[in-house]
1. Here are the criteria: (1) crowded, with 23+ Cβ neighbours inside 10 Å; (2) over 16 Å from residue 165 (Cβ atoms). Tell me which single one residue 253 does not satisfy.
2. Listed residues 389, 365; which is crowded, with 24+ Cβ neighbours inside 10 Å, under 20 Å from residue 258 (Cα atoms), assigned by TED's automatic domain parsing to the domain that holds residue 320 and within 27 Å of the chain's Cα centre (by Cα)?
3. Quick check on my filter: what residues within the stretch 434-451 are crowded, with 18+ Cβ neighbours inside 10 Å and within 15 Å of the chain's Cα centre (by Cα)?
4. State which residue is farthest from residue 201 (Cα to Cα) when the search covers only the stretch 68-79 and only residues that are in contact (Cβ under 8 Å) with a residue 24 or more places away in the chain and out of contact with any helix residue (DSSP H, G or I) (no Cβ under 6 Å at 6 or more places or on another chain).
5. Just need a number here: residues in the stretch 87-104 that are more than 22 Å from residue 182 (Cβ to Cβ) and not in a helix (DSSP H, G or I).
6. Quick one: residue 6 ticks every box in (1) closer than 24 Å to residue 198 by Cα; (2) assigned to a strand (DSSP E or B) except a single one, so which number is it?
7. More than 18 Å from residue 286 (Cα to Cα), in the same structural domain as residue 384 (by TED's automatic domain parsing) and without any contact (Cβ under 8 Å) to a residue 40 or more places away in the chain: is that true of residue 440 in this structure?
8. Within the stretch 56-76, can you find the residues that are in contact with a strand residue (DSSP E or B) (Cβ under 8 Å, 6 or more places away or on another chain) and surrounded by fewer than 20 Cβ atoms within 10 Å (Cβ to Cβ)?
C-alpha cells in the first residue's frame, strides 16, 4: 500500500506490513472527539520487537556498505514524498494527537527542515588527521555506524521526533526499529511508508506498534547497540538501568519544568506574547513548554494585566476548527493529571487567575481550560514537577539573582528564557541557566533544526539531537595509524 490506512495499522518488519504475533488490536481515538474512532492498530508483543531486531541486524551490513552519500539520496527521495503528502501528515497529526491543524502543518514543515539538514550532513560525518609521533605515519580518526538502534518516540510530536531520530540513524549507516507511542500509530506508519516508497531496502527501518512490551524487548535485546528515547524521566531512568549492565548506549531526552524570567526592564508586551506561545501552544504538551513565569515583583501586576485577559479569551475547540486557539490534551489520563495539579496547587496556596477546569464542548473530548496560577511558591509541587498541559505558574521574584535561583531550583533543565533590555544580564543569564536550550527576548521553546535539541540535569542523558553532535550517538569514533 502507498499510504497506510488508519482503519487497520500494522507493523512493518523486514519490508512487509504484517499484524502482530499477539493477534491483539487497540483502538485509536480522536482526543477532540472520542466518538470518532479513527481505526485500530496492532498491539505488538516482545516477539514482534525481536523479529524487527532480527530484520535490522540482517540488513545492517549491506546498509553500511551503501555509504552516507548514497544513503542521503534515498532520504532526499523520502523528503520529496513527505512534501507531497504534507497535508495528509498534518491531518493525521491533528486527528489522532489533537493539536491544531496549523500546528500540525508546522510540525511537518519542521520535520522537513530536520531531514534537509541531516541529508546535508551526509558529506560531513568527518574525522580528523593529526600529527603522528613517528615518521612516515598518518594518524587519523573516522566514524563507523553504531549498529542496530531502537528508537522509542512520544506522542506530542509524532512526526518531528521520529524524524530527528530516524534520519540521522539512517545517514550514519545504522538500521533501526521505530517503536512509537501507542497514541499516535497512524503518523508513524505514514512516515515509515514514505521511506519505504523512496526505496529504502527491506529491514533497514522497521516499525513496531504497541506499548510497553515491545519497548522493553528492544532495550533488553543484546543486538540493539543503542536506544534513543524521548519521554518521561521515570521511563528514561528505567531504560538506562536496564541497558547499563551490557553497556548499551543511551540517548535520553526527558522532562522539563521550564522558566521564562521577566525582569523589571523587560518589554512586557513581548514577554506576554512569548508566554502565550510557550505555555499554551500545542496545549502546553511539549518538553520545552513555558511552565513557569518568574517575574520581578515590580512588574508582576503589569504583566498579569497583559496576560490573564488574553488567556481567558482563548477559544477552545477541535484542531480542525480554524477559529480555535487551543485544542485538547491527548487523553483522559493527561486531562486528569492537569486538573489534579491545579487543584493541589490551589490547596497549597496558589491563586487561580483563570481556567482550571475541564471545558465542556459539543463533542466528547479531553479539553482543559488554559490556566494561569498566581501566588505560586517557588518550592511548591506545581512549581517543581512537570504538568505537561496548558497550566502556567506565575512566581514572583526580587531581581535577577532571585529569579535565577528559582529558575535553577528544579531537577530538570530543558529550556530557559529571559526577558530584559540589559545586555550584561542577557549574557550573564546564558552562563547561569542550568538548562540546555536558552533564549533571550523570544519564546523559549525548542531550537532551530541545526542546533542541538538537548537539556541539562535530569532532562538529558547522552548526545544531543538535531545537530552535528548527534553523530556522537549514532556512530563510533575510531582512530587509525598508518605506516607508509
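The values are calculated or read from the model by the stated rules, or taken from the named source; none is laboratory data. Treat the numbers as computed from the prediction; the structure is a model and nothing was measured. No Cβ is skipped: glycine too gets one built from the backbone with ideal geometry, and neighbour counts run over all protein chains shown.
1. Tallying (1) crowded, with 23+ Cβ neighbours inside 10 Å; (2) over 16 Å from residue 165 (Cβ atoms), residue 253 fails exactly one: (2).
2. After applying the criteria, what remains is 389.
3. 436, 437, 444, 445, 446, 447, 449
4. 69
5. Residues flagged as more than 22 Å from residue 182 (Cβ to Cβ) and not in a helix (DSSP H, G or I) within the stretch 87-104 amount to 1.
6. The failed condition is (2).
7. Taking the combined requirement at face value, the residue satisfies it.
8. Within the stretch 56-76, 57, 64 meet the criteria.
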